[in-house]
Every structure is written in structure tokens, then in C-alpha cells.
Amino acid sequence: MPPSVDAMPAPGDAASAGDVRMISSKELRAHASADDLWISISGDVYDVTPWLPHHPGGDLPLITLAGQDATDAFAAYHPPSARPLLRRFFVGRLSDYTVSPASADYRRLLAQLSSAGLFERVGPTPKVLLVLMAVLFYAALYLVLACASAWAHLLAGGLIGFVWIQSGWMGHDSGHHHITGHPVLDRVVQVLSGNCLTGLSIAWWKCNHNTHHIACNSLDHDPDLQHMPLFAVSPKLFGNIWSYFYQRTLAFDAASKFLISYQHWTFYPVMCIARINLLVQSALFVLTEKRVPQRLLEIAGVAAFWAWYPLLVASLPNWWERVAFVLFSFTICGIQHVQFCLNHFSSDVYVGPPKGNDWFEKQTAGTLDILCPPWMDWFHGGLQFQIEHHLFPRLPRCHLRKVAPAVRDLCKKHGLTYSAASFWGANVLTWKTLRAAALQARSATSGAAPKNLVWEALNTHG
């Protein structure tokens, strides 16, 4: 289709002012490195190399889409008000710019949602969640500090785990869109409900999650599928592929082969203690990553967690109750870790970066919705409409159910995958995916020298 159907976003002013340099797609692809990075948006070409270290979403999303059209990803993640900021990076216009029918319809739908003001209407969900989290947190404190019953202490651990789940939904929402209407207040809510309450750095989460969204289900780009040596969703991971996120080889060695061969049995037990890995990765990120926005604030928030949680555990009367409290809080929170996996583990995967001309198709093919009645939406925190969320990440979750029929119709019109299953069905699909890869791992040949299992555990990501 010609560029005239490109409904969202509109071409920049620079493209229509004076003589414009015409650039071919071949020339655009030649500028695809971190020190020479061009992208195209709505046919306009921008040299965003100087913007790379300042990009609020991190450098990896830009590097992943370097040298190609990034219109759909840009439109999904940025409000129209962000478009004028690109003018200073303008270098020319694509001479062979085209838009696929699916992308054109997607951009039209995105423009309709924006015109309706849905991206600005957050609803009461954040306020309700904050009140709920506060009530449950203080209830847990009361059960630990004012009750002598071991059962009360165990219940308190469960409440803490449930608070962590709700904090996860809150952090997810606040990382994608404003939840209070005030940037400073949003930041305060992020740090208090995330770093301080759970020990997980919101900066670490944003770095990980933004890359996941841009390269959804790419085995070598999406960190949410890179769980070696514990889990592998595809035998393609048995080829010692390079992780562009972690900047290391995902080694399929003797240790990985052994662990993956039984991953369909170890998946749920590992999810019960998966919180440990997230805490470690979050701490390593804020302490060792070169570029961490507001590093001191992030460290202070994580340090606050490591002050109150160990003190609360230490206030329990004996070691048995302390261990039970920690395990129960982690196990309850493990439900959310399972939910994170259900949306993508059984969906289509690929190797390589996403392409600008099939970004919409990759998002739908790599994602699974969870079927549930409206009264269960609280349990899934918006992940039940993961396809809609991936297409419109800035859309508050209270609107996802409303736009789902339009997304289904769009996928049907263009013959694209729109997958959905019940919560139980999604668990079955995930288990079958893990089992299929496990059976293939048993007969696969490991290509790397075996490492110490302790070393492998310390280097587990995801």
C-alpha cells in the first residue's frame, strides 16, 4: 500500500520542508549498529545514534530495530506528542516506503483508540490496588507481631506473597503508562510498591520488559525466553545461540541437557522459588549495570526491602516458622511467575530480530490470551488480554476487554493467529511445550564443555 494510508503516526514536518534526501531501504539497513543507528518511522528516516544513551526505554529496543522501519513499535509505545522530538534527528525519506495491509489497519485502530482518549483514562484500578496492598500488608504485620499462632504466621506469609503479586501488576501498569497523572507521583508509587515492597528494581524490570515487548518470542533477543540452563521452550536453543540481551552464549552443555531433560517436572517447583532469581538479578543490575536511571534511588528502594523483610522474618519465634513463612510467601507469589510464562511459552518462536514490516504479526503469533470471565480479571492483572496488551502497551488494563473484539476481527481479516485458552488449558499447553523440548534434549548432543552446576545456577537469567 502507498504511504498515504499510514494513519498513525503522521509524517513529521521535516519530511515536507525544502529538498529532502531520498534513501533506499538498502541504505537504511547499512546503518544498523550502536554507533551508527538509523530507523524509519512513517517513511521518514532518523539518525538516532546520539539519542541512544538517553532513550527512556533503554538502548536495546532501538538496537533491536536498527536499520529498518520501526513505525508500528514507535506508535505502540509513544503518544503522538513524542513525534516532534524526532525532527532534530531527521536525515531523509525512504524512496521505497510501503505499508502492509495488516500494519495499515493496526495503525488505524491505534489512531481510533487514541482519538477516543482511552490511553489517558486509567480508571480506579491503581487506587484500589494501592489501598488493597496497604490493607493486606498491615494485616500481615499484625499477624506476625501481635499473634502467637504458627498458623497466623503462615497466613501472614501468604498475604505477603499476595501483596507481591499485586505489586507486580502495579509495577507492570506504571511501567507502561501513567497511573496517577503526575510523573513524580508515578515514580514514588513505582519505588515504594516495587523496590521497597518487593526488592525488585523497577529500572531492572523496565530494561528487561521493554526488550521483551519489542522482540516478543525471539529466542536470541527476548530475555523472557532465555532461561538456560533450567528451561528451554524450543530445540533451537540447543545450538548454543548468542543472547543479545545478556551478551553471552546460552550454552547447551551437559548440565543444561540434564536439567532441561526433566524441565516439565521441575517447572512448577522452580516457579515456587523463582523469586530468589529475580531478587538476585535485580540487585546485580542496580549495582553493576553501566546505565541505571536514578541509580541511588533504585538502590535505596531495594535496600529498604532488605531491611524490613529480614527483620519481619527474624521476629518469628523459631527457625521452622521463619522457613515456612519465606517459602509460603515465595510459593504464593510463584502463581504470578507461572502466569508470566503461560502467555508465551507455548506460542510461536523464531530466531533473529523482529522485522519492521511484520512487527504486528510477530506480536500476535508469539502471544496467548487467557479466557476468563470479567469477575476474574483481578486475578490475571491484565495478562488475560496479552495479545491486546502487546499491540497497545500504553492502554490501561481496564480497556483491554473492550478492544479485544476489534483485535480478533483484525486478525481474522488478515489471516493472523489469535490464540486463547483457559487458565487450565494454558497450563496444559505450557507443560506439553516443555515436555516436547525435554524429550528432544535427551537425544540432542551438547556442544559446550560442562560447567559446575553451582556456576550455572548463579548465571541463570529470566
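The values are calculated or read from the model by the stated rules, or taken from the named source; none is laboratory data. Every value quoted in this text rests on a predicted model; they were computed, and no experiment measured them. Glycine also receives a Cβ, built like all others from the backbone with ideal geometry; neighbour counts cover every protein chain displayed. Keep in mind that these areas ignore ligands, DNA and RNA; they rest on the heavy atoms of the full protein, side chains included. Shrake-Rupley method; radii C 1.70, N 1.55, O 1.52, S 1.80 Å.
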Please list, ordered by first then second residue, the pairs with beta carbon atoms under 6 Å, 6 or more apart or interchain, first in the stretch 333-358 and over 16 Å from Asn217 (Cα atoms), second in a helix (DSSP H, G or I) and charged (D, E, K, R). Cys333/Arg275
Assess whether Ala73 counts as being in a helix (DSSP H, G or I), outside the structural domain of Gly175 (by the TED database), open to solvent by less than 60 Å² (accessible area, probe 1.4 Å) and not acidic (Asp, Glu). yes
Any residue that is surrounded by fewer than 16 Cβ atoms within 10 Å (Cβ to Cβ) and not in a helix (DSSP H, G or I) - is there at least one of those in the stretch 275-286? no
How many residues does the stretch 287-307 hold that are assigned to a helix (DSSP H, G or I), open to solvent by 60 Å² or more (accessible area, probe 1.4 Å) and either in contact with an Asp or Glu (Cβ under 9 Å, 6 or more places away or on another chain) or of a type in the set (Asp, Glu) (or both)? 1
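Identify, from the list Arg107, Arg121, the residue that is closer than 17 Å to Glu388 by Cβ and touching an Asp or Glu at 6+ places or on another chain (Cβ under 8 Å). Show your work before the answer.
Values: Arg121 fails: touching an Asp or Glu at 6+ places or on another chain (Cβ under 8 Å).
Sole residue among the options that is closer than 17 Å to Glu388 by Cβ and touching an Asp or Glu at 6+ places or on another chain (Cβ under 8 Å): Arg107.
Can you name every one of the helices (runs of 4 or more DSSP H) wholly within the stretch 333-439 that holds 1 or more residues which are open to solvent by 10 Å² or more (accessible area, probe 1.4 Å) and over 26 Å from Ala73 (Cα atoms)? Before you say what the answer is, go through the steps one by one.
Values: elements: 359-365, 377-380, 386-391, 400-413.
Output list reads 377-380.
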All but one of (1) farther than 30 Å from Leu60 by Cβ; (2) buried (at least 18 other Cβ atoms within 10 Å of the Cβ) hold for Gly199, so report the exception by its number. (1)
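Taking Leu200, is it hydrophobic (A, V, I, L, M, F, W, C), over 11 Å from the mean Cα position of the chain (by Cα) and more than 22 Å from Gly334 (Cβ to Cβ)? Can you show your working first?
Details: hydrophobic (A, V, I, L, M, F, W, C): yes; over 11 Å from the mean Cα position of the chain (by Cα): yes; more than 22 Å from Gly334 (Cβ to Cβ): no.
For Leu200, the condition - hydrophobic (A, V, I, L, M, F, W, C), over 11 Å from the mean Cα position of the chain (by Cα) and more than 22 Å from Gly334 (Cβ to Cβ) - is not met.
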Here are some residues: Pro310, Pro317. Which one is open to solvent by 20 Å² or more (accessible area, probe 1.4 Å) and part of a loop (DSSP other than H, G, I, E, B)? Pro317
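What number of residues within the stretch 27-70 satisfy the criterion of being part of a helix (DSSP H, G or I) and farther than 21 Å from Ser103 by Cα? I'd like the intermediate steps shown before the answer.
Step one: list which residues in the stretch 27-70 are part of a helix (DSSP H, G or I), which gives 27-29, 49-54, 60-64.
Now narrow it down to the ones that are farther than 21 Å from Ser103 by Cα: 27, 49-54, 60, 63.
Result for the stretch 27-70: 9.
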